Amino acid sequence: MSSPLLGVLVLLGACHHETASGGPPPPGSSGGLGAQLQALAQRMHARYGGAQRLEEAIARSDLPRAHTEAHTVSLLDEPDVLPTWRPYFEAVAETARQLETSGDITAAAKLFGTLGVRCAHCHDASGARLVLPPPSVLAAGSATMAEHQKAALEMWEGLMAPSDVHWRAGALALTTVPLTMVAQAVTPSSEQDVDDVAKVRLYARRALDAGDHEARAEVFGSLLATCAHCHALLRDR
Ligand code: HEC
Ligand code: HEC
């Protein structure tokens, strides 16, 4: 609980110092700094929660809800941060706004991948060290949807933190999704369902090879679009 706050403090404190030594104090940095930092940490949590809900809405192929959640993420502004960091927040907000008006779930899934890289860019640039819980141990061949969801979120955390360990743990779990998965579910199977399972495995394998943020964002978008495709198919049947 205290460590992220400390991180924000170190980051903004360092920047403040840099700027203050060369000229007038940057706007917004004077007075109530403690309160501002606390607010920033809280909003970071809110942004994270909003992004998680967005992921689930997209995975479930619920475009209206995805639009609503994207709107929430787009509103998370940081008026008090130093100018250096504004472009990073604006990049996140811009992607969220694009997502809010995306015309179909595949486009939304791709944009969600982009959102993750935008988060990662600032975490990289600011040297932010996110303290994530260790990846949960997912059984190889995880079959339940709760496990799919967990694995996908693990990958998302790996993308935005960024964290290699989380990215790979999530991807690895999805490389072995049993092809008979849908037969085990309540709904009858079809050729297309099997295609989607095969695609999940394929993208998960590609995810293990994807080294940089952009490649990861792209493969994550394709993966999430596949989750959404199967759910839409089953729902509209
Ligand atoms: C302008 C820079 C910036 C942007 C953009 C940004 N972050 Fe952060 N984030 C930070 C900093 C700085 C920290 C503090 C890290 C630390 O504790 O050292 C942080 C911390 C976090 C944390 C950890 C918070 C905690 O209390 O444990 C999460 C989660 C997080 N960010 C998620 C996101 C997500 C999701 C996005 C994109 C939707 C995002 N961030 C975009 C700078 C940014
Ligand atoms: C081949 C079809 C198929 C694919 C691919 C698929 N799912 Fe599902 N999903 C289902 C079915 C069927 C259900 C409903 C029955 C169930 O919960 O097992 C479901 C339900 C869910 C639920 C709701 C579970 C609940 O408890 O309400 C979530 C969340 C979910 N899937 C996430 C994912 C994610 C994330 C992916 C992609 C990594 C994915 N699914 C890929 C078929 C699929």
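A few remarks follow.
- Each Lys or Arg adds one and each Asp or Glu takes one away; over the other residues whose Cβ falls under 13 Å from the Cβ of residue 205, this sums to +3.
- For the stretch 76-99 versus the stretch 103-169, the gap between their alpha-carbon centres in whole angstrom: 20 Å
- Computed extension gain for residue 195 through residue 39, at 0.36 nm per residue and net of the alpha carbon distance, reaches 51.6 nm.
Bear in mind these aren't lab numbers, they're just calculated from the coordinates by the rules spelled out. For clarity, every value in this text was computed on a predicted model and none was experimentally measured. Note: ideal-geometry Cβ built from the backbone for every residue, glycine included; neighbour counts use all protein chains shown.
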